[in-house]
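S.K.: Before anything else, here's the structure in question.
The values are calculated or read from the model by the stated rules, or taken from the named source; none is laboratory data. All values reported here derive from a predicted model rather than from experimental measurement. Cβ placement follows ideal geometry from the backbone for every residue including glycine, while neighbour counts extend to all protein chains displayed. Keep in mind that these areas ignore ligands, DNA and RNA; they rest on the heavy atoms of the full protein, side chains included. Shrake-Rupley method; radii C 1.70, N 1.55, O 1.52, S 1.80 Å.
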Amino acid sequence: MALFLVLWEIISRSGLVDPLFISSPVRVVRTGTASLASGEIWADLKVSGVEFLLGYVGAAAVAIPLGLAMGWSKRLQYIFGPFVDTLNAVPRVTLLPLIIIWLGIGIWSKVAVVFLGAVIPILINTQSGVKTNEARFIKVARSFGASELKVFVTIILPGTVPFIFTGLKYGAGRALLGVVVGELYASTAGVGHLIADAGNTFQTDVVFFGVLIFTASGLVTVAILDRFERRFENWRPKVGAAA
Amino acid sequence: MIAPQGFYSRHERAILGVGAIVLFLAFWEGLERGWWSDLLQPVIGAEAERWRIKPIFISSPALITQAAYRMFFVTGEIWRDLGLSGLEFVLGIAIAITIGIPLGLAAGWYRPLSHAVAPFLSALNATPQVAFLPLIIIWIGSGFATKIIIIVLLAVLPIAINAQAAVRTTDPRLIKVADSFGAGEWLLFRSIILPSAVPFLLAGLRLAIGRGMIGIVVGEVYGSSGGIGMMISQAGSRFQTDKVFVGVLTIVAAGVILVEVLRRIERRVEVWRP
């Protein structure tokens with residue numbers, strides 16, 4: 001990694017390739033600190049962050065209950081299954097032109113894209129998580145006369161948590177993709193808008209800095225989810241690499 | 001459990017599934033044609049007009065079918081776009097495979113290489129690769145090559161990561177046995193690692209197909225001369241909602257067919273496995 005960065009810097013400094021095209025690590029860092037210090041980036045960060053959070057939290061709020069219900073009730077699965085499968089087969093970014101017709105180029109079209117991107121992986125994972133619950137546990141609970149609610153709360157829900165988190169992590173990647181594509185396509189503000197603008201005006205350093213912001217936010221989101229997951233998973237006996 | 005009795009219980013799944021889809025399509029068609037607003041008119045009066053929605057917003061199943069028929073069989077305008085996008089897709093995926101599989105296998109097999117490659121892989125994986133699009137356009141403009149590069153960039157990661165994981169999860173006992181019988185590295189690789197890696201490679205390919213589809217659409221949005229993605233975004237900016245839906249459905253159909261083909265291949269390659 002260090003070798004790569006040094007090589008990049010050297011090539012850029014030596015004038016082998018015009019820095020206009022490839023920028024250089026030092027330039028990227030300088031641009032980054034400058035724009036953080038001057039505060040011009042915060043507005044874009046805020047817009048992108050709000051889009052991401054609204055869409056993602058909305059997706060989780062819809063997908064987890066619906067996924068649990070679909071995993072639990074066969075009828076619901078029969079009814080909603082075809083829609084989920086169809087939507088899963090659609091690359092959601094192709095719906096952008098439609099969403100823009102419906103919601104305009106403001107923040108809400110991006111929220112919708114983020115939502116659509118994240119909702120499917122979370123839903124599918126949650127649903128399959130419910131199905132893979134240990135059947136013996138459920139049988140034992142039933143034979144001791146546990147109510148449906150009790151079975152659900154004490155067995156199904158804890159057993160499904162790892163699947164929900166896998167879906168959430170997967171969904172986070174999709175949500176970020178939604179922010180980028182949505183803002184590249186049509187927007188008035190946001191980090192994706194910043195990247196597109198900087199690209200059009202050949203400010204390569206700014207483009208790289210914008211891309212780095214997305215990388216960082218992807219890593220941070222996954223790290224946060226990992227931490228939550230560990231908290232929920234304390235009780236589970238450790239297996240394999242975690243032991 | 002008693003065996004299900006009666007027509008309904010035997011076909012419950014099909015009935016509920018098909019019923020839900022038919023209801024959904026009817027509701028949609030009705031919104032566009034104003035069935036619901038006519039129906040609600042006596043009950044809630046002028047409020048009912050809300051249930052009539054202009055076709056430029058939502059189109060309708062019938063309009064979409066008509067547009068699809070026209071574009072495929074009457075004017076045939078979609079074939080040129082389909083051909084161009086198809087070519088981009090095939091080239092992009094082919095390049096992604098030729099880079100991704102050897103790189104992933106090598107990174108899974110040689111520890112130093114894996115350490116060297118890992119930070120790049122995880123950083124790239126955390127970035128939405130589409131964000132590189134403006135950079136690629138600065139480097140090589142917005143032509144045919146740009147679209148191929150964005151498809152490669154999107155598709156190569158799942159392929160490489162799965163190939164790497166495949167080598168790591170090879171049964172170590174098999175490798176030990178082969179080692180103790182003096183198998184060379186090449187023989188070991190060809191007769192043990194590669195066959196056991198196939199399902200992972202195909203799974204990676206399946207992910208890559210989905211990513212490649214995104215690549216087509218996103219890459220073509222930026223000033224291109226044709227292709228399905230271009231067609232979708234142009235139709236969108238002209239409010240030709242039915243055409244947008246036709247484009248989206250075409251991509252979905254292509255994706256479903258490709259994944260199905262892959263599944264066939266998988267079954268064929270995997271017959272030896274117990």
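S.K.: Given springs between every Cα pair under 10 Å in a Gaussian network model of chain A, which of A:Ser23, A:Ser38, A:Ser12 has the largest fluctuation?
M.R.: Most flexible of the set in this elastic network: A:Ser38.
S.K.: Now for a separate question. In nm, give the distance between the simple-model label positions of B:Ser9 and B:Leu91, each being 7 Å from the Cα along the Cα-to-Cβ direction.
M.R.: 6.0 nm
S.K.: Accessible area per residue for chain B in Å², computed with a 1.4 Å probe and the full protein assembly in place, what is it?
M.R.: Accessible area per residue: 54 Å².
S.K.: Oh, and also: Rg(Cα) of chain B divided by 2.2 N^0.38 Å?
M.R.: Here the Cα radius of gyration is 1.35 times the empirical estimate.
S.K.: Using Cα atoms only, what is the angle between the long axis of helix B:144-168 and the major principal axis of chain B, expressed in degrees (0 to 90) to the nearest 10?
M.R.: Long axis of B:144-168 versus the principal axis of chain B: about 50 degrees.
S.K.: Stick to Cα atoms and the Kirkwood definition of Rh, then tell me Rg/Rh for segment A:1-84.
M.R.: That ratio equals 1.35.
S.K.: Starting from the Cα of A:Ile138, step 7 Å toward the Cβ, then list every residue of segment B:5-31 with an amide N under 12 Å from that point.
M.R.: Nothing falls inside the zone, counting backbone N under 12 Å.
S.K.: Round to a whole number: what % of the accessible area of segment A:42-182 belongs to carbon and sulfur, probe 1.4 Å?
M.R.: 73 percent
S.K.: Sticking with this one: Compute the Rg to Rh ratio over segment B:1-115 from the alpha carbon atoms, using the Kirkwood formula for Rh, and round to two decimal places.
M.R.: Here the Rg-to-Rh quotient is 1.28.
S.K.: Further question: Can you list the trypsin sites (Lys or Arg not before Pro) in segment B:165-274 that are in a DSSP coil and have 14 or fewer other beta carbons within 10 angstrom?
M.R.: Counting only loop positions with at most 14 other Cβ atoms within 10 Å, the trypsin sites (Lys or Arg not before Pro) in segment B:165-274 are B:Arg238.
S.K.: Rg/Rh for segment B:178-221: what does it come to with C-alpha atoms and Rh from Kirkwood?
M.R.: Over the Cα atoms of segment B:178-221, Rg/Rh equals 1.36.
S.K.: To continue, here is another question. Once you average over the residues of B:39-50, how many Cβ atoms of partner chains fall within 10 Å of each Cβ?
M.R.: So the per-residue partner count for this stretch is 0.
S.K.: Let me ask something else. Using just the alpha carbons, could you tell me how many Å³ per residue the convex hull of segment A:80-196 encloses?
M.R.: 116 Å³
S.K.: Above 17 angstrom, tally the Cα pairs of segment A:7-142 and express them as a % of all pairs, no decimals.
M.R.: 73 percent
S.K.: Something else now. Once you've got the GNM for chain A with C-alpha springs shorter than 10 Å, pick whichever of A:Phe202, A:Phe144, A:Phe83 has the biggest mean-square fluctuation.
M.R.: Result: A:Phe144 has the largest fluctuation of those listed.
S.K.: Tabulate in residue order the Karplus-calculated ³J(HN,Hα) for segment A:140-153, using 6.51 cos²θ - 1.76 cosθ + 1.60 with θ = phi - 60°, rounded to whole Hz; enter x for Gly and Pro.
M.R.: Each residue's phi maps through the Karplus curve to give 4, 4, 5, 5, 8, x, 5, 6, 3, 4, 5, 4, 5, 6 Hz.
S.K.: Which entries in A:Lys74/A:Lys139; A:Lys139/A:Lys169; A:Lys131/A:Lys169 show an alpha-carbon gap greater than 23 Å?
M.R.: Check vs 23 Å cut-off fails for A:Lys139/A:Lys169.
S.K.: Would you mind getting the accessible area per residue of segment A:93-222, heavy atoms of the protein chains only, 1.4 Å probe, in Å²?
M.R.: Accessible area per residue: 40 Å².
S.K.: Sticking with this structure for a sec: Over the Cα atoms of segment A:39-85, what Rg and Dmax result, in angstrom?
M.R.: 16.6, 53
S.K.: Whole-Å semi-axes of the protein assembly as shown's equivalent ellipsoid, largest first, each the root of 5 times a Cα gyration tensor eigenvalue?
M.R.: Listed largest to smallest, the semi-axes of the protein assembly as shown are 38, 34, 25 Å.
S.K.: Give me the Kirkwood hydrodynamic radius of segment A:84-147 in Å, from all C-alpha pairs, to one decimal place?
M.R.: In segment A:84-147 this quantity evaluates to 14.5 Å.
S.K.: Helix-only mean residue ellipticity at 222 nm, chain B, DSSP H runs n ≥ 4 weighted -39,500 (n - 2.57), per residue, nearest 500. What is it?
M.R.: Taken over chain B, the calculation gives -25500 deg cm²/dmol.
S.K.: Then there's this: Pull up the cross-link candidates among the lysines for B:Lys54, meaning alpha carbon to alpha carbon under 25 Å and not fewer than 8 places away within one chain.
M.R.: A:Lys110, B:Lys243
S.K.: From zero outward in steps of 10 Å, how is the percent of C-alpha pairs of segment B:191-274 spread across the bins?
M.R.: Bin by bin from 0 Å, the calculated values are 16, 36, 23, 15, 8, 1.
S.K.: With springs only between Cα atoms under 10 Å, which of B:Ala20, B:Ala123, B:Ala96 fluctuates most in a Gaussian network model of chain B?
M.R.: Per the Cα network of chain B with a 10 Å cutoff, B:Ala20 tops the list.
S.K.: Another question, if that's okay. Test of the criteria: in segment A:94-166, which trypsin sites (Lys or Arg not before Pro) are in a DSSP loop and have at most 11 other Cβ atoms within 10 angstrom of their Cβ?
M.R.: Passing both the DSSP loop test and the Cβ count: no residue.
S.K.: While we're here: Once A and B are treated as a pair rather than alone, how much accessible area drops out, both sides summed, in Å² to 100, probe 1.4 Å?
M.R.: Using a 1.4 Å probe on protein heavy atoms, the buried area is about 3700 Å².
S.K.: Could you give P(r) for segment B:103-218, binned at 10 Å from zero, as whole percent values over all Cα-Cα pairs?
M.R.: 13, 36, 29, 15, 6, 1
S.K.: Inside 10 Å of the C-beta atoms of B:205-214, what's the mean count of C-beta atoms belonging to other chains?
M.R.: The per-residue average across the peptide is 2.
S.K.: Could you pull the Rg and Dmax for chain A, using just the Cα atoms, both in Å?
M.R.: Calculated on Cα positions, Rg and Dmax stand at 22.4, 78 Å.
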